[in-house]
Every structure is written in C-alpha cells, then in structure tokens.
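Structure first, then comments.
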Amino acid sequence: MIKSRKLTIKDCDYHTLRNLENNGKIRALVLKGEKIVHIELICPNCGKYSYYTQEWKSVSKAAKYRFKTKCPKCGFLIKIAKLRKE
Ligand SMILES: [Zn+2]
C-alpha cells in the first residue's frame, strides 16, 4: 500500500516499523508537512490487516509514547514507545 505510492523515507517527517506481540506489525508514516499519520497495521489482537490514517499530534519530550492507535477492526489499543533515534 505505502510501497505502491513510491514513497521514500526522504518524503517523511516520521517513519517507523515495529513488530508487535503475536506476530502483529505496525508501520507508521507521516509525510512532510502533513498532520496525519498513515498507519498499516496487523493487529496483535485480532490478526487483521488495516490501512488507515489518524491525526498526528505532537508529544512532549517527557512522553513515553510517540503515539497511540486503535485497531479499527477490534478496538485494541496499541501504544508505540519512543525510540531515541526517532
Ligand atoms: Zn484488531
């Protein structure tokens, strides 16, 4: 989905790919200048694939998580912890 748009990391303000428990996976991408995050998710709870967008909010430096999102299929809450290199 994201690949097909021929986006590269250079076009992004933020990009992350994380493995979640139960073979879940999440990829999040914010295009330069945009205030929405594109999310590709394989839910660790229901195992279903979703592609969706949500508002991209800034967080304080003290915040432990960069963002939180909910699986659109089952409502499972996923928290993405900050990484230093991001
Ligand atoms: Zn789910």
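Structure summary
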item	result
Amide proton proximity set for Y14, modelled H, under 5 Å, gap of 5+	V30
Student exercise, segment 3-81 dipole from Lys, Arg, Asp, Glu Cβ charges, in Debye to nearest 20	80
Contact order relative to length of the chain, as percent, for alpha carbon pairs under 8 angstrom and 6 or more apart	17
In sequence order, calculated HN-Hα J values of segment 31-40 (Karplus, 6.51, -1.76, 1.60; Hz; x Gly/Pro)	6, 4, x, 9, 10, 10, 10, 8, 10, 10
Computed lengthening from N45 to A63, 0.36 nm per intervening residue step minus Cα-Cα distance	4.0 nm
Across the chain: Cys residues that no other cysteine approaches within a C-beta distance under 4.7 Å	C12
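Every read-out reported here was derived from the displayed coordinates using simple, explicitly stated rules and does not represent laboratory data. No experiment lies behind these values; they were computed from the predicted model shown. So basically every Cβ, Gly included, is an ideal-geometry build from the backbone, and we count neighbours across all protein chains shown.
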